[in-house]
Amino acid sequence: MKHLSEYRSGEIAAGLAERIAALVEPGSSYKLMEICGGHTHAIYRHGIEDLLPAEVQLVHGPGCPVCVIPMGRQDDAIAIAEQDGVIFTTFADMLRVPATNGSLLDAKARGADVRMVYSPLDALRLARENPDRQVVFFAIGFETTAPSTALTLLRAGAEGANNFSIFCNHVLVPPPLRAILDAPDLQLDGFIGPGHVSTVIGTQPYEFIASEYRKPVVVAGFEPLDVLQSIYMLLRQLTEGRCEVENQYVRVVRREGNERALAVIEETMEVRDTFEWRGLGFIERSALGVRERWGQFDAERRFELPGTRVADPPACQCGEVLRGALRPWECKVFGTACTPERPIGTCMVSSEGACAAYYNYGRLERRSERTPA
Amino acid sequence: MDEREVLERIEARRQRASRRLLDERITLAHGAGGRSSQALVEALLLPALRNSLLEPLADAAILELEDGTQLAFSTDSYVVKPLSFPGGDIARLAVHGTINDLAVSGAQPLALSAGLILEEGLAVAELARYVASLGETAREAGVPIATGDTKVVERGKADGLYISTSGIGLVAASSKLGAQEIRSGDRVLLSGTIGDHGMAVLVARGELELEGAIESDTAPLHGLVAALLAACGAAVHCMRDPTRGGVATALNELARASRTGIVIDESAIPVAATVAGACEILGIDPLYVANEGKLIAIVGPEVAEVALATMRAHPLGREATLIGEIREERPGMVILDTTFGGSRVVDTLAGDPLPRIC
């Protein structure tokens, strides 16, 4: 694991931290949003905030695919899972997300056949192995995971699978960013752009942030040094008065993205007119649905779904957390009524959720603010 | 309220004496060894069964006879799938697991029992293989299986074979081990690499399309423990074998029970490259992955060097390292100093460590 140790070197980090500190003007403050939940996770897991001066504040964004699924969609998923003859397959993160009547894990305990898979192709394999059952894959994730769902649809088509479908909940990164930038309650100075999403869509889709909203963006990788370096690059843009889309993750991300991945998404999926996001409400053209031509593999067409819109629990402030307006600990129920074992909101479920990451890893004051023991 | 006050309030809740069981049904999370398992034990089992032997909720109960003889008594059940995996099988786990629970309680294991639950349709040849493994493992360890039982359940009611083992062991008269003996300044030692068993089983399930030579570390620890106790005596304050829930869960239990803080150093914790790679791909933290042949020993600082040398001289402790220290600050919490230069909380997970999506 040479790769890992290179990107986690404490020695290089210390040097970079010094250069960051040198850029910071005492008394000023810098609010930077990391869009992606993978970054949130890395920030807490490696204790990255400990290397930052108190003036630099990281704000967690909406890029946790589990966190943004509204409760009504989770209810729909459970309704499919509880139908006779269905094998409902899902990534592990979705198992514990609370819905109106418990989570998928609770549905499994009540008798539903819910199975954890690591890839949509595993779900298609289950469909082949169980020809007398309907196998449904709970497709979630941003543009990162959409290509593998798309490829699975293509393969299902080629195989003529008649007992396989996906419940499509793929969402897009740029639309909620515009929603956040348009919100009046948030003053952000810059964005750490998502790395894996950008391997698919490239850096071009963020250019409106720089050109229209005059905020710098640095697309970053997921190792702690990547994140720290992207913070340095953002601060440099800010001190030099620039606002550009820069790419820290050059070893993987290209401006135009991955054309093949985009092509398979385009072939099998289309942008929905609107989609509800947890905490952010309906956002136009912000999610993907299955194209009509592939409708036989669309669980929304195949099954009767309740499709009910369910309001978030009144105590839950996931919306504010997802928009970066509240820090996790500022939520009224954080750590008391809402904990990883009894989550009220989605942000407390996924390890990429800001609340779960903060609860599990970050319950320490930052080193720069800590009183000596 | 500022951040510090919120954190203190949460910590106070976390440290409350017992956990609550709020679930209506048992889910797999209750079997994962994390907070859900603790809630099941503390809120449902302990109140119904409460007695002074059970109350410490240690790896083994210590029974004191009238002549002063102390016996350790422990039980465990094994429901692993698949039944065989690189480095071991269900029978080896069943023998080693109970031996290890006795060993970390400071006991020399005397005898085991084995209860076999067989599923209708299990091939006799397959059963014979596991029974042979059971016998061979017990003989290797020098601990006889002195009594046993078999039951058969209908097809579909068990994954082929479940094994439950119990064991008794003799505790040296002078022995004083347990979380209550842990003191600020004590050192935390770990006998070798972490996460091998859990990742070996996960890969052996064949669902991941991951290949790699990850072998379970299943092994009996009573020899290593005996060597450590002989070298360091009463300066060994507490021992654990970090099985389900991994090193993170074991240390959290110790921090909570001893009302001390534990600070560990990420760069000192050995992880095999193959295990680290598989964990990285799946987004799983090896600190939470099960081990079946590793020892955590908390020892007085004065014997730390001797204890480490003793562990390293034993075949099962060659890669032993000093991973951390006991502190007065932040009682009940485990803090990790990361290789990157930061620090973070290492908490008990609610259920199984779940692979991340992207």
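The values are calculated or read from the model by the stated rules, or taken from the named source; none is laboratory data. Quantities reported herein were computed from a predicted structural model and do not represent experimental measurements. Virtual Cβ from ideal backbone geometry, glycine too; neighbours counted across all protein chains shown. Heads up: the accessible areas ignore ligands, DNA and RNA and are worked out on the full protein's heavy atoms, side chains in. Shrake-Rupley method; radii C 1.70, N 1.55, O 1.52, S 1.80 Å.
Selection of the range A:293-320 for residues being aromatic (Phe, Trp, Tyr) and crowded, with 19+ Cβ neighbours inside 10 Å yields A:Trp294, A:Phe297. For the range B:56-86, a residue qualifies if it is farther than 19 Å from B:Ser166 by Cβ and under 23 Å from the mean Cα position of the chain (by Cα), and the qualifying residues are B:Lys81, B:Pro82, B:Leu83, B:Ser84, B:Phe85, B:Pro86. Taken as a whole, the range A:294-315 holds no residue that is among the aromatic types (Phe, Trp, Tyr) and under 23 Å from the mean Cα position of the chain (by Cα). Return a yes/no flag: does the range A:321-340 have any residue that is among the charged types (D, E, K, R) and more than 14 Å from every other protein chain (Cβ to nearest Cβ). Scanning the range A:321-340, I find at least one residue that is among the charged types (D, E, K, R) and more than 14 Å from every other protein chain (Cβ to nearest Cβ), so the answer is yes. Of the set (1) in contact (Cβ under 8 Å) with a residue 60 or more places away in the chain; (2) more than 8 Å from chain B (Cβ to nearest Cβ), all apply to A:Ala158 but (1).
Taking the range B:94-105 as the range and being open to solvent by 10 Å² or more (accessible area, probe 1.4 Å), in a loop (DSSP other than H, G, I, E, B) and of a type outside the set (Ser, Thr, Tyr) as the test, no residue passes. Which of the residues that make up the range A:258-292 are part of a loop (DSSP other than H, G, I, E, B) and either over 23 Å from A:Ala179 (Cα atoms) or open to solvent by 20 Å² or more (accessible area, probe 1.4 Å) (or both)? Within the range A:258-292, A:Asn258, A:Arg272, A:Asp273, A:Gly279, A:Leu280, A:Arg285, A:Arg291 qualify.
A count restricted to the range A:161-190 and to residues that are out of contact with any strand residue (DSSP E or B) (no Cβ under 6 Å at 6 or more places or on another chain), open to solvent by less than 50 Å² (accessible area, probe 1.4 Å) and not in a helix (DSSP H, G or I) stands at 5. For B:Ala248, the criteria (1) outside any helix (DSSP H, G or I); (2) within 12 Å of the chain's Cα centre (by Cα) hold in every case but one, which is (1). Answer yes or no: is there a residue in the range A:138-145 that is in contact with a strand residue (DSSP E or B) (Cβ under 8 Å, 6 or more places away or on another chain), surrounded by fewer than 22 Cβ atoms within 10 Å (Cβ to Cβ) and more than 7 Å from chain B (Cβ to nearest Cβ). The answer is no; no qualifying residue exists.
Yes or no, residue by residue, for (1) within 30 Å of A:Tyr7 (Cβ to Cβ); (2) at pLDDT 95 or above; (3) open to solvent by less than 20 Å² (accessible area, probe 1.4 Å); (4) not assigned by TED's automatic domain parsing to the domain that holds B:Val79:
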{"residue": "B:Ala213", "(1), (2), (3), (4)": "yes, no, no, yes"}
{"residue": "B:Ala235", "(1), (2), (3), (4)": "no, yes, yes, yes"}
{"residue": "B:Arg240", "(1), (2), (3), (4)": "no, yes, no, yes"}
{"residue": "B:Gly261", "(1), (2), (3), (4)": "yes, yes, yes, yes"}
{"residue": "B:Ala273", "(1), (2), (3), (4)": "yes, no, no, yes"}
{"residue": "B:Val299", "(1), (2), (3), (4)": "no, yes, yes, yes"}
{"residue": "B:Met311", "(1), (2), (3), (4)": "no, yes, yes, yes"}
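From the list B:Ala61, B:Ala91, B:Ala43, B:Ala72, the lone residue that is within 21 Å of B:Ala255 (Cα to Cα), modelled with pLDDT of 95 or more and open to solvent by less than 60 Å² (accessible area, probe 1.4 Å) is B:Ala61.
Here B:Ile168 clears all of (1) outside any strand (DSSP E or B); (2) touching a residue at least 60 places away in the same chain (Cβ under 8 Å) except the condition numbered (1). I'd like to check something: does the range B:43-63 contain any residue that is among the hydrophobic types (A, V, I, L, M, F, W, C), more than 16 Å from A:Ala109 (Cα to Cα) and within 14 Å of another protein chain (Cβ to nearest Cβ)? Yes, the range B:43-63 has at least one match. Checking each residue in the range A:341-355 for being facing chain B (nearest Cβ under 7 Å) and open to solvent by less than 30 Å² (accessible area, probe 1.4 Å) picks out only A:Glu352. Where residues in the range A:86-112 are open to solvent by 40 Å² or more (accessible area, probe 1.4 Å) and outside any helix (DSSP H, G or I), which of them is farthest from the other protein chains (Cβ to nearest Cβ)? For the range A:86-112, the residue satisfying everything is A:Thr100. Of the residues in the range B:122-145, none is outside the structural domain of B:Gly198 (by TED's automatic domain parsing), in contact with a Lys or Arg (Cβ under 7 Å, 6 or more places away or on another chain) and not in a helix (DSSP H, G or I). The listed residues are A:Glu55, A:Glu11, and the only one of them that is open to solvent by 40 Å² or more (accessible area, probe 1.4 Å), within 12 Å of another protein chain (Cβ to nearest Cβ) and of a type in the set (D, E, K, R) turns out to be A:Glu11.
Being open to solvent by 60 Å² or more (accessible area, probe 1.4 Å) and touching a Pro at 6+ places or on another chain (Cβ under 8 Å), is that true of even one residue in the range B:146-165? Looking for residues that are open to solvent by 60 Å² or more (accessible area, probe 1.4 Å) and touching a Pro at 6+ places or on another chain (Cβ under 8 Å), one finds none in the range B:146-165, hence no. Mind checking whether some residue in the range B:177-185 is hydroxyl-bearing (Ser, Thr, Tyr) and in contact with a strand residue (DSSP E or B) (Cβ under 6 Å, 6 or more places away or on another chain)? Yes, that holds for at least one residue. Residues in the range A:314-332 that are without any contact (Cβ under 8 Å) to a residue 60 or more places away in the chain and either of a type in the set (Asp, Glu) or in a loop (DSSP other than H, G, I, E, B) (or both): A:Pro314, A:Ala315, A:Cys316, A:Gln317, A:Glu320, A:Leu326, A:Glu330, A:Cys331, A:Lys332. Would the range A:121-131 turn up any residue that is within 12 Å of chain B (Cβ to nearest Cβ), open to solvent by less than 40 Å² (accessible area, probe 1.4 Å), in contact with an Asp or Glu (Cβ under 7 Å, 6 or more places away or on another chain) and within 27 Å of A:Ile265 (Cα to Cα)? Yes. Of all the listed residues (B:Ala278, B:Ala268), the sole one being in contact (Cβ under 8 Å) with a residue 12 or more places away in the chain, closer than 29 Å to A:Thr90 by Cα and within 14 Å of chain A (Cβ to nearest Cβ) is B:Ala278.
When every residue of the range A:356-370 is checked against the conditions, at least one turns out to be in contact (Cβ under 8 Å) with a residue 12 or more places away in the chain, more than 22 Å from B:Leu21 (Cα to Cα), assigned to a helix (DSSP H, G or I) and more than 10 Å from chain B (Cβ to nearest Cβ).
In the range A:20-34 there is no residue that is of a type in the set (Gly, Ala, Ser) and facing chain B (nearest Cβ under 9 Å).
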